[in-house]
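Taken together, the values in this text are just the output of simple stated rules run on the coordinates, not laboratory data. Keep in mind the model is a prediction, meaning the values are calculated, not measured. A quick note on method: Cβ atoms are made from the backbone with ideal geometry, for glycine too, and the neighbour counts reach across all protein chains shown.
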Number of protein chains: 2
Amino acid sequence: MARIYNFSPGPAILPAPVLERAREELRGWRSTGVSVMEMSHRGEDFIGIAERAEADLRALLGVPANYKVLFLAGGASAQFAAAPMNLWRGKKQASYVSTGYWSEKAIAEARLYGQVQVAASGKDSKFTTIPPRASWNVDRDAAYLHYTANETIGGVEFQDAPEADGLPLVADMSSNILSRPVDVRRFGLIYASAQKNLGLPGLAVVIVREDLLGQTLPGTPSTFDYKRQAENGSMVNTPPTYAWYVAGLVLDWLREQGGVKAIEAHNIRKAAKLYAAIDAAPFYSNPVEPAVRSRMNVPFHLADSNLEALFLAEAKEAGLVYLEGHRSVGGLRASIYNAMPEEGVEALISFMREFERKRG
Amino acid sequence: MARIYNFSPGPAILPAPVLERAREELRGWRSTGVSVMEMSHRGEDFIGIAERAEADLRALLGVPANYKVLFLAGGASAQFAAAPMNLWRGKKQASYVSTGYWSEKAIAEARLYGQVQVAASGKDSKFTTIPPRASWNVDRDAAYLHYTANETIGGVEFQDAPEADGLPLVADMSSNILSRPVDVRRFGLIYASAQKNLGLPGLAVVIVREDLLGQTLPGTPSTFDYKRQAENGSMVNTPPTYAWYVAGLVLDWLREQGGVKAIEAHNIRKAAKLYAAIDAAPFYSNPVEPAVRSRMNVPFHLADSNLEALFLAEAKEAGLVYLEGHRSVGGLRASIYNAMPEEGVEALISFMREFERKRG
């Protein structure tokens with residue numbers, strides 16, 4: 001069978017060497033005779049795996065010492081609740097920027113815990129652009145300012161962290177963490193589900209400035225309490241050990257690729273090629289303002305939307321899978337996270353050209 | 001190297017054929033060329049895996065049609081919060097039975113959400129027995145009656161579901177689900193983390209009677225909302241897909257073993273042999289009242305506790321690993337879940353006899 005390229009938005013493609021190492025180590029980790037799947041999270045073997053993953057993440061992202069790094073069960077949706085529960089700290093409201101589907105989800109969940117002020121929204125542009133920072137109306141007494149660093153469905157991405165007017169800046173980086181450098185010191189909280197650039201679903205990474213901790217809302221589940229988790233090495237409860245291990249394998253691989261700056265260059269090349277192919281002919285289109293196009297998720301349409309089902313079927317035949325757009329918007333979408341090789345993008349572009357030649 | 005037997009309390013031993021299948025399928029599931037780790041949870045391949053796991057669980061446990069089965073991120077500790085959040089339903093208090101470490105954890109978490117009435121407690125016996133049902137003081141107007149079906153640390157286990165005085169009966173079956181038959185119709189809610197008898201940590205199975213749903217407490221995170229999860233096939237958020245798949249492999253294996261009744265017979269044999277070995281000489285001891293001894297977790301002490309470190313070291317040399325008692329109580333503990341073969345228990349008993357011969 002031809003090489004398969006998996007464009008799933010998440011759970012998503014993993015680096016081939018990561019899958020190979022997971023396979024090799026599956027029945028027994030090193031000389032232990034015990035699979036990582038079967039290891040007590042309190043045993044020295046797993047503690048070593050866990051600590052190494054944290055150290056690698058800290059090194060790759062340059063996480064300062066006054067930030068805690070947590071590995072928690074669940075993904076970003078759980079963090080949509082955990083972030084306000086931990087960071088509301090008696091303030092009147094929290095300030096959110098809406099740039100699409102995931103921002104809207106985060107806002108709806110935050111409203112379970114208090115008043116949300118929407119500082120800016122891309123809704124008027126159907127989320128094809130990000131309102132310029134100068135137009136935002138941020139409550140300077142808000143608990144924090146929340147934004148979604150990358151929208152997987154609309155395909156818009158912040159190209160830099162926004163100025164936060166002195167508020168703790170909170171970012172959902174689920175779909176672009178480790179894909180580009182980030183200055184962690186500018187943030188109060190970064191959270192990311194793992195299933196795009198860090199491995200398996202069911203795990204979220206939380207990076208939080210320690211002075212923000214300790215004022216959780218009443219009724220916060222213990223497993224969501226950042227301070228308690230920080231004091232217990234993310235083991236208030238049994239953590240998702242196997243997902244934590246796979247995250248470690250992904251981080252190992254990323255170090256071997258040269259780290260975040262090197263993968264960013266790779267991601268820029270891949271995205272530039274794909275957008276150029278889409279823009280080259282009216283047969284394909286992407287509606288997003290070029291300056292804020294996502295490097296990770298590239299939604300596109302065919303001029304004749306009746307051809308999309310055929311496109312998907314023939315792409316699958318050609319080994320290009322999971323190109324369906326999100327069920328809320330339809331169309332097509334190519335997710336090209338860190339682990340997507342450049343050849344995968346080139347294979348997609350070749351297929352697109354050939355499909356256009358035959359049906360255009 | 002000799003065969004390793006893993007007595008970890010969880011994450012715990014998996015059946016060898018499950019590990020082998022996971023290894024075989026790791027780089028590509030069937031003919032897809034895509035690992036289960038990389039599959040979109042919305043795609044037909046994963047939906048098939050998910051539905052089959054649910055169907056197998058329903059068949060193995062005999063879950064009636066008016067019960068929802070959910071596969072949720074996190075483990076029992078998250079359910080310690082989710083259960084009251086979903087089932088409190090405006091009642092004055094909830095009734096809990098305390099039989100050890102995990103009951104106490106469940107009670108402490110429930111107190112975040114309202115008043116807890118402790119209907120009975122084994123504390124006076126240092127949790128070496130379960131207070132007889134006739135002595136319980138259950139509030140007949142409570143939201144529900146909660147108990148911990150098996151205590152992994154103290155090593156006590158309910159041999160049957162208690163009478164609930166008409167209340168919804170809620171059980172934490174994390175450490176004994178699928179190890180013995182259970183009449184699901186007697187329960188309002190059963191929850192279990194997966195990392196003992198169902199695979200990987202980071203996943204909980206929830207079985208809930210549907211008429212109890214729809215009255216969550218304000219502030220319940222969406223991912224904890226049983227009704228929303230039930231309406232969305234456990235996909236309000238991205239579920240822990242890989243853990244769900246491994247649970248399916250374990251359920252497949254259990255069917256091949258002949259199902260729950262067959263594995264129960266196996267578990268009875270294993271536990272009987274191990275307790276008999278402990279009781280045979282004063283060199284070893286287990287403090288639990290024989291009628292409520294756990295079939296899953298067998299804590300024991302040496303008469304000379306100074307020898308315990310040596311016991312652990314020599315056991316590890318002999319391929320018998322993770323026999324440490326819980327850090328809260330010390331001593332030794334053998335967890336012998338469904339996947340522990342009888343030969344593993346026999347190897348432990350032989351080692352114990354030899355150790356006693358040399359050091360007794």
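At-a-glance table
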{"quantity": "Candidates per GluC sites (Glu not before Pro) in region B:124-167, loop by DSSP, up to 12 other Cβ within 10 Å", "calculated": "none"}
{"quantity": "Spatial extent of chain A: Rg and Dmax, with the Cα atoms as the point set, Å", "calculated": "20.7, 62"}
{"quantity": "Global geometry of region A:126-207, whether rounded, prolate or oblate, following the gyration tensor of its Cα atoms and the 1.5 cut on a/c", "calculated": "oblate"}
{"quantity": "Computed over region A:201-265, Cα set: Rg, Dmax in Å", "calculated": "15.1, 45"}
{"quantity": "Cα centroid separation - region A:37-110 against region B:1-78, whole Å", "calculated": "25 Å"}
{"quantity": "Charge dipole of region A:17-256 about the Cα centre (unit charges at C-beta), most positive-ward option of A:Ser179, A:Leu212, A:His41", "calculated": "A:Leu212"}
{"quantity": "Amide proton proximity set for B:Asn297, modelled H, under 5 Å, gap of 5+", "calculated": "B:Ile336"}
{"quantity": "Assigned charges on the beta-carbon of Lys, Arg, Asp, Glu; region A:259-359 dipole about Cα centre (debye)", "calculated": "180 debye"}
{"quantity": "Neighbour-count ranking [beta-carbon atoms within 10 angstrom, fewest first] of B:Leu198, B:Leu274", "calculated": "B:Leu274, B:Leu198"}
{"quantity": "Spatial separation of Cα centroids for region A:189-220 and region B:132-192, in angstrom", "calculated": "33 Å"}
{"quantity": "Which listed pairs, of B:Lys68/B:Lys92; B:Lys196/B:Lys261; A:Lys196/A:Lys261; A:Lys270/A:Lys358, have C-alpha distances above 20 Å, in listed order", "calculated": "B:Lys68/B:Lys92; A:Lys270/A:Lys358"}
{"quantity": "Using a Förster distance of 35 Å, the FRET efficiency for B:Ala265-B:Arg140 (Cβ separation, nearest 0.05)", "calculated": "0.40"}
{"quantity": "Average beta carbon contacts from partner chains per residue of B:202-210, 10 Å cutoff", "calculated": "2"}
{"quantity": "Translational diffusion coefficient (Stokes-Einstein; Kirkwood radius from C-alpha pairs) of region A:259-359 at 37 °C, 0.692 mPa s, in µm²/s", "calculated": "237 µm²/s"}
{"quantity": "Pair-distance profile P(r), taking every C-alpha pair of region A:1-111, with 5 angstrom steps and integer %", "calculated": "2, 8, 11, 14, 16, 16, 13, 10, 6, 3, 1, 0"}
{"quantity": "Positive-pole candidate from A:Ala81, A:Pro9, A:Asn150, dipole of the protein assembly as shown, charges at beta carbon", "calculated": "A:Ala81"}
{"quantity": "Filtered trypsin sites (Lys or Arg not before Pro), region B:131-214: DSSP coil and at most 10 other beta carbons within 10 Å", "calculated": "B:Arg140"}
{"quantity": "Debye, to nearest 20: dipole size of chain B, +1 on Lys, Arg Cβ, -1 on Asp, Glu Cβ", "calculated": "260 debye"}
{"quantity": "Cα-based convex hull, the protein assembly as shown, per residue volume (Å³, whole number)", "calculated": "151 Å³"}
{"quantity": "Relative exposure of B:Arg111, A:Arg30, A:Arg21, judged by other C-beta atoms within 10 Å (fewest first)", "calculated": "A:Arg30, B:Arg111, A:Arg21"}
{"quantity": "Nearest-20 debye value, the protein assembly as shown charge dipole, Cβ charges on Lys, Arg, Asp, Glu", "calculated": "500 debye"}
{"quantity": "Residue of A:Pro15, A:Pro239, A:Pro282 that the Gaussian network model of chain A assigns the largest fluctuation, springs spanning Cα pairs under 10 Å", "calculated": "A:Pro282"}
{"quantity": "Neighbour-count ranking [beta-carbon atoms within 10 angstrom, fewest first] of B:Leu14, A:Leu57, B:Leu87", "calculated": "A:Leu57, B:Leu87, B:Leu14"}
{"quantity": "Ellipsoid equivalent to region B:29-91 - semi-axes via the Cα gyration tensor, in Å", "calculated": "30, 16, 10"}
{"quantity": "Gyration tensor verdict on region B:172-239 (Cα atoms; rounded if a/c is under 1.5, prolate if a/b is larger than b/c, oblate otherwise)", "calculated": "oblate"}
{"quantity": "Mean separation of Cα contacts under 8 Å (6+ apart) over length of chain B, as relative contact order %", "calculated": "23 percent"}
